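Chemist: The structure under discussion is supplied below as structure tokens; questions concerning it will follow.
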Amino acid sequence: MSGPVSPALPTRATTEEATPGAPRRPRTRWGDRLLFGYTWLILLWLFAPIAVMIAFGFNDTRSKSNVTWQGFTLKWWGRLGEYPDLTTAVLNSIGIGLLATLITTVLGTLLGIALGRYRFRGQGPTNLIMFAAISSPELVMGASLLSLFVSLGVQTGFATIVLAHVLFSVSFVAVTVRARVVGMDGSIEEAARDLGASTWVTFWRVTFPMILPGVVSGALLAFALSIDDFVITQFTSGATITFPLWIYGAVRIGVPPQVNILGTLIFAVGVVIAVVNTVTSRRRV
């Protein structure tokens with residue numbers, strides 16, 4: 001004796017057959033293919049100048065202007081220090097970038113924690129000033145800083161460049177850290193305090209490791225903004241020459257291949273740091 005037969009569930013094919021007016025879904029998604037191709041075109045457009053810079057570091061140029069491909073060579077890599085002024089400019093840029101990044105990371109991290117965790121009087125104007133610093137043109141900020149330094153009688157140079165870079169990059173670090181703080185689970189800190197940890201220990205053992213990816217990301221962003229800044233540095237540099245300023249001055253007589261090599265090295269170091277940061281963040285998760 002057989003039991004009751006359960007009704008068959010409608011499949012996708014039977015559903016489409018039951019509704020003859022429904023349009024059939026095409027097997028090939030042309031929209032996805034177009035989006036995929038468009039994305040790769042944008043990436044190619046972004047990385048094409050970097051590829052040209054790297055390639056012309058191996059150009060066997062015989063003139064002052066390194067704009068025409070004349071053959072492959074490695075001789076420029078062995079003559080990297082041929083221009084002492086260029087080496088000094090690169091060292092100035094690295095020193096300014098590291099010092100400005102250190103100061104910016106400390107100030108921006110504290111500001112981001114305060115804005116993301118607490119509610120205090122003046123928080124609205126603080127957010128307004130912070131985003132105004134991000135959105136304001138560099139020309140306006142550079143001219144304003146120069147006017148400030150001249151009014152106070154401050155001699156422009158290495159110190160004023162560092163101060164200017166801290167002022168325009170601290171907002172980027174604060175925004176990055178605040179986004180990390182807002183998405184943080186506060187119950188973990190409460191659990192640490194319930195287990196007897198002090199405020200200082202809770203911060204360094206619990207809070208800081210949780211916001212560390214945001215701090216590192218903000219620091220990398222601040223260093224990238226500092227090392228390649230031209231407009232604000234031009235206003236506040238005085239007699240100090242940085243890498244972008246040296247390139248600007250060398251354009252009139254020809255940029256040597258050593259500039260391409262140094263740019264390649266800076267780009268490679270940045271890629272390595274970004275990859276290490278990404279791998280480390282994934283391992284923490």
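The values are calculated or read from the model by the stated rules, or taken from the named source; none is laboratory data. Just so it is clear, the model here is predicted, and its values are computed rather than measured. Glycine gets a Cβ as well: all are built from the backbone with ideal geometry, and neighbour counts include every protein chain shown. Note: accessible area is taken over every heavy atom of the protein model, side chains too, but ligands, DNA and RNA are not part of it. Shrake-Rupley method; radii C 1.70, N 1.55, O 1.52, S 1.80 Å.
Chemist: All but one of (1) modelled with pLDDT under 90; (2) closer than 30 Å to M53 by Cα; (3) among the aromatic types (F, W, Y) hold for Y118; which doesn't?
Modeler: For Y118, the failing item is (2).
Chemist: Taking the options A219, A191, name whichever one is hydrophobic (A, V, I, L, M, F, W, C), in a helix (DSSP H, G or I) and free of Cβ contacts under 8 Å to residues at least 24 places away in the same chain.
Modeler: Details: A219 fails: free of Cβ contacts under 8 Å to residues at least 24 places away in the same chain.
Answer to the check: A191.
Chemist: Given L107, L148, which one is assigned to a helix (DSSP H, G or I), within 16 Å of I232 (Cα to Cα) and open to solvent by 60 Å² or more (accessible area, probe 1.4 Å)? Reasoning before the result, please.
Modeler: Numbers: L107 fails: within 16 Å of I232 (Cα to Cα).
On inspection, the qualifying residue turns out to be L148.
Chemist: Ok, one more. Take the residues in the range 110-135 that are part of a helix (DSSP H, G or I) and under 19 Å from M184 (Cα atoms), then tell me which one is most open to solvent (accessible area, probe 1.4 Å). It would help to see each step written out before you state the result.
Modeler: Kept after step one, since they are part of a helix (DSSP H, G or I), are these residues of the range 110-135: 110-117, 123-135.
Subset that is under 19 Å from M184 (Cα atoms): 110-117.
Numbers: L110: 106, L111: 55, G112: 0, I113: 21, A114: 29, L115: 7, G116: 16, R117: 78 Å².
Checked the range 110-135; the qualifying residue most open to solvent (accessible area, probe 1.4 Å) is L110.
Chemist: Hey, another quick one. Between a first residue in the range 263-277 that is of a type in the set (S, T, Y) and a second residue that is modelled with pLDDT of 90 or more, which pairs have beta carbons less than 6 Å apart while being 6 or more apart in sequence or on different chains?
Modeler: Note: pairs meeting the criteria are T264/I54; T264/G57.
Chemist: Inspect the range 242-255 for any residue being open to solvent by less than 30 Å² (accessible area, probe 1.4 Å), modelled with pLDDT of 85 or more and among the aromatic types (F, W, Y) and give the result as yes or no.
Modeler: Scanning the range 242-255, I find at least one residue that is open to solvent by less than 30 Å² (accessible area, probe 1.4 Å), modelled with pLDDT of 85 or more and among the aromatic types (F, W, Y), so the answer is yes.
Chemist: State the number of residues belonging to the range 91-132 that are within 17 Å of the chain's Cα centre (by Cα), aliphatic (A, V, I, L, M) and more than 19 Å from I227 (Cβ to Cβ).
Modeler: Residues in the range 91-132 being within 17 Å of the chain's Cα centre (by Cα), aliphatic (A, V, I, L, M) and more than 19 Å from I227 (Cβ to Cβ): 0 in total.
Chemist: A further question follows. Working only within the range 222-236, note down all residues that are surrounded by fewer than 21 Cβ atoms within 10 Å (Cβ to Cβ) and part of a loop (DSSP other than H, G, I, E, B). Can you show your working first?
Modeler: Taking the range 222-236 as the starting set, the residues that turn out to be surrounded by fewer than 21 Cβ atoms within 10 Å (Cβ to Cβ) are 224-225, 228, 230-231, 234.
Matches in the range 222-236: D228, F230.
Chemist: Condition first: under 25 Å from E138 (Cα atoms) and buried (at least 18 other Cβ atoms within 10 Å of the Cβ). Can you find one or more residues in the range 178-200 that meet it? Please lay out each step first, then the result.
Modeler: Within the range 178-200, the first condition is being under 25 Å from E138 (Cα atoms), and the residues that meet it are 178-179.
Next, only the ones that are buried (at least 18 other Cβ atoms within 10 Å of the Cβ) stay: 178.
Yes: one or more hits.
Chemist: OK, next. For the range 60-78, what are the residues that are over 19 Å from I253 (Cα atoms) and within 31 Å of the chain's Cα centre (by Cα)?
Modeler: L74, W77, G78
Chemist: Just the residues that are closer than 29 Å to L262 by Cα, over 21 Å from the mean Cα position of the chain (by Cα) and either at pLDDT below 90 or open to solvent by 100 Å² or more (accessible area, probe 1.4 Å) (or both), please, taken from the range 23-52.
Modeler: L41
Chemist: Answer with yes or no whether T280 is assigned to a helix (DSSP H, G or I) and modelled with pLDDT under 90. Reasoning before the result, please.
Modeler: Numbers: assigned to a helix (DSSP H, G or I): yes; modelled with pLDDT under 90: yes.
For T280, the condition - assigned to a helix (DSSP H, G or I) and modelled with pLDDT under 90 - is met.
Chemist: Out of (1) assigned to a helix (DSSP H, G or I); (2) open to solvent by 50 Å² or more (accessible area, probe 1.4 Å), what's the single condition that is false for S65?
Modeler: Unmet for S65, out of (1) assigned to a helix (DSSP H, G or I); (2) open to solvent by 50 Å² or more (accessible area, probe 1.4 Å): (1).
Chemist: Could you count how many residues in the range 59-80 are closer than 17 Å to G263 by Cβ and in contact (Cβ under 8 Å) with a residue 40 or more places away in the chain?
Modeler: Looking only at that region, the number is 8.
Chemist: What is the number of the single condition among (1) open to solvent by less than 70 Å² (accessible area, probe 1.4 Å); (2) over 18 Å from I241 (Cβ atoms); (3) outside any helix (DSSP H, G or I) that G81 does not meet?
Modeler: Failed condition: (2).
Chemist: Still on this model: Return the residues of the range 228-241 that are modelled with pLDDT under 90 and under 14 Å from the mean Cα position of the chain (by Cα); say none if nothing qualifies. Talk me through it step by step, then tell me what you get.
Modeler: Step one: filter the range 228-241 for residues modelled with pLDDT under 90, giving 228, 238.
The one that is modelled with pLDDT under 90 and under 14 Å from the mean Cα position of the chain (by Cα): D228.
Chemist: Return the residue satisfying two criteria in turn: it lies in the range 151-177 and is closer than 16 Å to I113 by Cα and hydroxyl-bearing (S, T, Y), and of such residues it is most open to solvent (accessible area, probe 1.4 Å).
Modeler: The first filter runs over the range 151-177 and keeps only residues closer than 16 Å to I113 by Cα, leaving 170-177.
The next check asks that each one be hydroxyl-bearing (S, T, Y); those that pass are 171, 176.
Numbers: S171: 7, T176: 42 Å².
Within the range 151-177, the match that is most open to solvent (accessible area, probe 1.4 Å) is T176.
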